[in-house]
Amino acid sequence: KAREQEEKGAIATARARAEAEARAESVERVRAQADQCAITLAGERARAEALALEAERGKIEAARAALGAAEARVRSQAERRSLADAHRRSAVELAELRSKLRALWAAGVGRRAATALRYGAIAVAVAGIAYASLWTAQAPPASVAGTPSLRLDYELRLGNRP
């Protein structure tokens with residue numbers, strides 16, 4: 001009987017060991033499946049993180065492009081203001097030069113006008129003397145009989161011309 005019990009105990013132990021090993025094998029399979037799921041999830045998470053990183057890089061590039069455009073706009077506005085200021089200074093300088101030129105011209109016109117007035121007065125005096133001297137000169141001879149006369153005939157005709 002003791003041997004039988006020993007045998008039964010050994011069989012029970014072998015069964016228990018086989019069941020424990022089966023359970024351990026089953027647990028290992030579940031762990032392997034869990035690890036496989038974790039690997040798959042980690043891969044999905046890595047792909048999602050890579051997409052997020054790409055999106056972030058796209059935002060960075062867009063921000064760089066916007067910054068470059070804004071800097072270019074600021075430079076062009078500064079250049080436009082500089083050119084506008086230079087244009088205003090040139091216009092002011094041109095106006096000053098034209099004003100000085102008009103003042104010089106006006107002064108010259110005044111002198112020339114005074115000179116022209118003097119010469120005009122002399123010319124009027126000479127013309128007056130010459131005209132007065134014509135009256136005192138001998139009268140021109142009466143018209144000569146053989147002088148041809150100018151005769152103008154006008155005739156309007158309607159219709160055919162001869």
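Some observations on this one:
- Here the dipole of region 9-105 is about 900 debye; that uses its Cα centre as origin and unit charges on the Cβ of Lys and Arg (positive) and Asp and Glu (negative).
- Only protein atoms count toward the accessible area here, which uses a 1.4 Å probe; on region 28-101, the carbon and sulfur part of that area reaches 60 percent.
- Where region 1-81 is the region considered: accessible area per residue in Å², 1.4 Å probe: 89
- Neighbours of L83 by Cβ distance under 15 Å: Lys/Arg scored +1, Asp/Glu scored -1, total +3.
- Cα gyration tensor shape of region 1-52, rounded if a/c is under 1.5, else prolate or oblate by comparing a/b with b/c: prolate
The values are calculated or read from the model by the stated rules, or taken from the named source; none is laboratory data. Treat the numbers as computed from the prediction; the structure is a model and nothing was measured. Methodologically, a virtual Cβ is constructed for each residue, glycine included, from the backbone with ideal geometry; neighbour enumeration extends over all protein chains shown. What goes into the accessible areas is simple: the full protein's heavy atoms, side chains included, and nothing from ligands, DNA or RNA. Shrake-Rupley method; radii C 1.70, N 1.55, O 1.52, S 1.80 Å.
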